[in-house]
Amino acid sequence: MSSETGKWIIVAGAVIAVLGAIVYFWGNKLHWIGNLPGDIRIERENFKFYFPITTMIIASLLINLIIRLFRWLN
């Protein structure tokens, strides 16, 4: 492994730690995540189906922007 790979692993770990702290301390304020318009939810008597498509699209856009920012800074 190169030192560049090590740097990216450290960055990924820091990001995961920050996200964990956000969910731990402010999780009750994030109840809207997963309940956005466009998220598919089907609930029947013995069946539940949940597909958070809008939430996944927004998360994908945010991750894409963060990756582009890191590439632009290097």
For Asp39, the residues 5 or more places away or on another chain with a placed amide H closer than 5 Å to its own amide H are Thr54
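Below 8 Å between Cα atoms, with a sequence gap of 6+, how large is the relative contact order for the chain in percent? Present the calculation step by step, with values, prior to reporting the outcome.
Numbers: 33 pairs, mean separation 13.0, N = 74.
Relative contact order for the chain comes out at 18 percent.
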Any chymotrypsin sites (Phe, Trp or Tyr not before Pro) in the chain that lie in a DSSP loop and have at most 10 other Cβ atoms within 10 Å would be Trp32, Phe47
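Since every read-out is calculated from the coordinates, none of them should be taken as a lab result. These numbers were taken from a predicted model, which means no experiment stands behind them. Reconstructed Cβ throughout: ideal geometry from the backbone, glycine too, with neighbour counts over all protein chains shown.
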